[in-house]
Amino acid sequence: MNKFSIIAFACAIMAMTTSTYASYHISNINVSVGLNPNTSAKVNETLTLIISNESLSQYSTDRAALNLTISRWQSIIGPSLVQHLINPTSGVRNFNFIPGPAIRNGSSYVAYIVMTYSVLNATSINQTAPRNFVYTFNPSIFNFEHGASGEVLSPNTTLTISMPAGSQIISVYPLPDYPAYAFVKNYTNVTSIAWNAQEPLSKFKLKFVVKESIRDEVDKFFAAVYGVLGYFSYVIIALVIVALFAYVYIKASR
């Protein structure tokens, strides 16, 4: 190993050591979950990171590095930097990690670390009547910390779950912290609920119903027909329309 290689190696070790012991503190974690009608979920996690003056230069260096993996960032920031929703069988999809710029905040700096990804099979679906679909949340995708009573919402963490438009909550446990007292009105017109830190999740339940409109049902029918027959489906529809006009014309001519 030549002199320049030794110097480069020493610099790399110093950078890793400084990065590992940089003074960072996560003051808040917001986990926002958007449930989709196809049973998947879009997750957006925002971590508020407090950075000391001494660690600002190191954070800026780490942020500019294009080859840092999520596991490397975990070693820098700490174990709280994890995906808090993971399907045990399929993991996560479309993962994006965005470390934001450091902004002065009094005697220190604040930066927002954003993770976005998708999770499959976040809910299961059961059609109970024509155009009536009941969704049940799958709590096995939670990846929060474990306490004495089981899984629990991590400190300084907020969990928000949003359901498709037009949803009606059937049952939920534990009672959401937001909106407060919505259970008194049976969660009428409520499609977004939230829990704050330390809420127990070991017996988490969320069930809601979505009533599909006639228009949506017709759109899905034609989409299914198109999926099977392709452009030939347009020919069939055109023939049906022509046949109806011909029937009406013949009927009126008599």
Residue selected from the range 128-150 under the condition in a strand (DSSP E or B) and either at pLDDT below 95 or not assigned by TED's automatic domain parsing to the domain that holds Gln83 (or both), by the criterion surrounded by the most Cβ atoms within 10 Å (Cβ to Cβ): Gly147
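Could you look through the range 25-73, keep only residues that are acidic (Asp, Glu) and either under 20 Å from the mean Cα position of the chain (by Cα) or loosely packed, with under 14 Cβ neighbours inside 10 Å (or both), and pick out the one that is farthest from Pro164 (Cα to Cα)?
Per the stated criteria, the residue is Glu54.
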Just for the range 1-47: of the residues that are over 30 Å from Asn121 (Cα atoms) and either in a strand (DSSP E or B) or charged (D, E, K, R) (or both), which one is modelled with the highest pLDDT? Ser27
Determine, yes or no, whether Ile77 is touching a strand residue (DSSP E or B) at 6+ places or on another chain (Cβ under 6 Å), under 24 Å from Leu49 (Cβ atoms), exposed (fewer than 12 other Cβ atoms within 10 Å of the Cβ) and not basic (Lys, Arg). no
What residue, among those in the range 51-72 that are part of a loop (DSSP other than H, G, I, E, B) and at pLDDT below 90, is farthest from Ser118 (Cα to Cα)? Ala65
Pick from the range 151-166 the residues that are at pLDDT 95 or above and either out of contact with any Leu (no Cβ under 9 Å at 6 or more places or on another chain) or among the polar types (S, T, N, Q) (or both): which of them is farthest from Asn36 (Cα to Cα)? Thr157
From the residues in the range 73-109 that are in a strand (DSSP E or B) and on the phi > 0 side of the Ramachandran plot, which one is modelled with the lowest pLDDT? Gly91
Taking the range 53-83 and keeping only residues that are out of contact with any Phe, Trp or Tyr (no Cβ under 8 Å at 6 or more places or on another chain) and in contact (Cβ under 8 Å) with a residue 24 or more places away in the chain, one is left with Glu54, Gln58, Ser60, Thr61, Arg63, Ser75, Ser80, Val82
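The values are calculated or read from the model by the stated rules, or taken from the named source; none is laboratory data. Not measured: the values here are computed from a predicted model. Methodologically, a virtual Cβ is constructed for each residue, glycine included, from the backbone with ideal geometry; neighbour enumeration extends over all protein chains shown.
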